[in-house]
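Enquirer: Structure incoming, see below.
The values are calculated or read from the model by the stated rules, or taken from the named source; none is laboratory data. Values in this document were obtained by computation on a predicted structure and should not be read as measured data. Every residue, glycine among them, receives a Cβ derived from its backbone with ideal geometry; neighbour counts consider all protein chains shown.
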Amino acid sequence: MLTQVMCDKKSWFTHYNTQGFTFEAVKALVNFSFTGREIKRIIAHSPDGRVASIRILEKLGIQPITRDRNLLKWELKLESR
């Protein structure tokens, strides 16, 4: 099963930026994904210029694995949690 979640932060409620809501939402999604499911890893993609997105991935312990031009690929494995 493949599930993909995408969010263009610029088009969402910008007055909520820097309040931690995105971090809390992604953290809850990661925890939900690994609880009682057969999901073994989560893959994320982020443009290398999105500092806030990169910081969220880093805070969650998601590791960068490759770069393709300006796009970074990240991975979080269940056993690394």
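Enquirer: Could you check the stretch 30-58 and list, in sequence order, the residues that are closer than 12 Å to GLU75 by Cα and polar (S, T, N, Q)?
Expert: SER46
Enquirer: If a residue must be in contact (Cβ under 8 Å) with a residue 40 or more places away in the chain and either outside any helix (DSSP H, G or I) or loosely packed, with under 12 Cβ neighbours inside 10 Å (or both), how many such residues does the stretch 72-81 contain?
Expert: First, the residues of the stretch 72-81 that are in contact (Cβ under 8 Å) with a residue 40 or more places away in the chain: 76, 78, 81.
When the remaining residues are screened for being either outside any helix (DSSP H, G or I) or loosely packed, with under 12 Cβ neighbours inside 10 Å (or both), the result is 76, 81.
Residues in the stretch 72-81 being in contact (Cβ under 8 Å) with a residue 40 or more places away in the chain and either outside any helix (DSSP H, G or I) or loosely packed, with under 12 Cβ neighbours inside 10 Å (or both): 2 in total.
Enquirer: Applying the selection to the stretch 44-71, what residues are closer than 17 Å to LYS27 by Cβ and in contact (Cβ under 8 Å) with a residue 12 or more places away in the chain? I'd like the intermediate steps shown before the answer.
Expert: Filtering the stretch 44-71 down to residues closer than 17 Å to LYS27 by Cβ leaves 44, 46, 52-63.
Those that are closer than 17 Å to LYS27 by Cβ and in contact (Cβ under 8 Å) with a residue 12 or more places away in the chain: ALA44, SER46, ALA52, SER53, ILE54, ILE56, LEU57, LYS59, LEU60, GLY61, ILE62, GLN63.
Enquirer: Scan the stretch 35-58 for residues that are surrounded by fewer than 16 Cβ atoms within 10 Å (Cβ to Cβ) and either part of a helix (DSSP H, G or I) or β-branched (Val, Ile, Thr) (or both) and report the count. Spell out the reasoning first.
Expert: At the first step, the residues of the stretch 35-58 found to be surrounded by fewer than 16 Cβ atoms within 10 Å (Cβ to Cβ) are 35-41, 43, 45, 47-52, 55, 58.
Going one step further and asking which of them are either part of a helix (DSSP H, G or I) or β-branched (Val, Ile, Thr) (or both), we end up with 35, 39, 43, 51-52, 55, 58.
Going through the stretch 35-58 one residue at a time, the tally reaches 7.
Enquirer: Inspect all residues belonging to the stretch 13-23 and state whether any of them is of a type in the set (A, V, I, L, M, F, W, C), surrounded by 11 or more Cβ atoms within 10 Å (Cβ to Cβ), assigned to a helix (DSSP H, G or I) and modelled with pLDDT under 95. Step through it out loud before you land on a result.
Expert: Filtering the stretch 13-23 for residues of a type in the set (A, V, I, L, M, F, W, C) gives 13, 21, 23.
Checking which are surrounded by 11 or more Cβ atoms within 10 Å (Cβ to Cβ) leaves us with 21, 23.
After this cut, where a residue has to be assigned to a helix (DSSP H, G or I) as well, the list is 21, 23.
Going one step further and asking which of them are modelled with pLDDT under 95, we end up with 21, 23.
Checked the stretch 13-23: at least one residue is of a type in the set (A, V, I, L, M, F, W, C), surrounded by 11 or more Cβ atoms within 10 Å (Cβ to Cβ), assigned to a helix (DSSP H, G or I) and modelled with pLDDT under 95.
Enquirer: Show the residue pairs meeting these rules: Cβ distance below 9 Å; 6+ apart or different chains; first residue within the stretch 17-35 and in contact (Cβ under 8 Å) with a residue 40 or more places away in the chain; second residue surrounded by 13 or more Cβ atoms within 10 Å (Cβ to Cβ).
Expert: VAL30/ILE42; VAL30/LEU60; VAL30/ILE62; VAL30/LEU76; PHE34/ILE42; PHE34/LEU76; PHE34/LEU78
Enquirer: Looking at this structure, is ARG69 modelled with pLDDT of 75 or more, among the basic types (Lys, Arg) and either out of contact with any Leu (no Cβ under 8 Å at 6 or more places or on another chain) or surrounded by 14 or more Cβ atoms within 10 Å (Cβ to Cβ) (or both)?
Expert: Numbers: modelled with pLDDT of 75 or more: yes; among the basic types (Lys, Arg): yes; either out of contact with any Leu (no Cβ under 8 Å at 6 or more places or on another chain) or surrounded by 14 or more Cβ atoms within 10 Å (Cβ to Cβ) (or both): yes.
It is true that ARG69 is modelled with pLDDT of 75 or more, among the basic types (Lys, Arg) and either out of contact with any Leu (no Cβ under 8 Å at 6 or more places or on another chain) or surrounded by 14 or more Cβ atoms within 10 Å (Cβ to Cβ) (or both).
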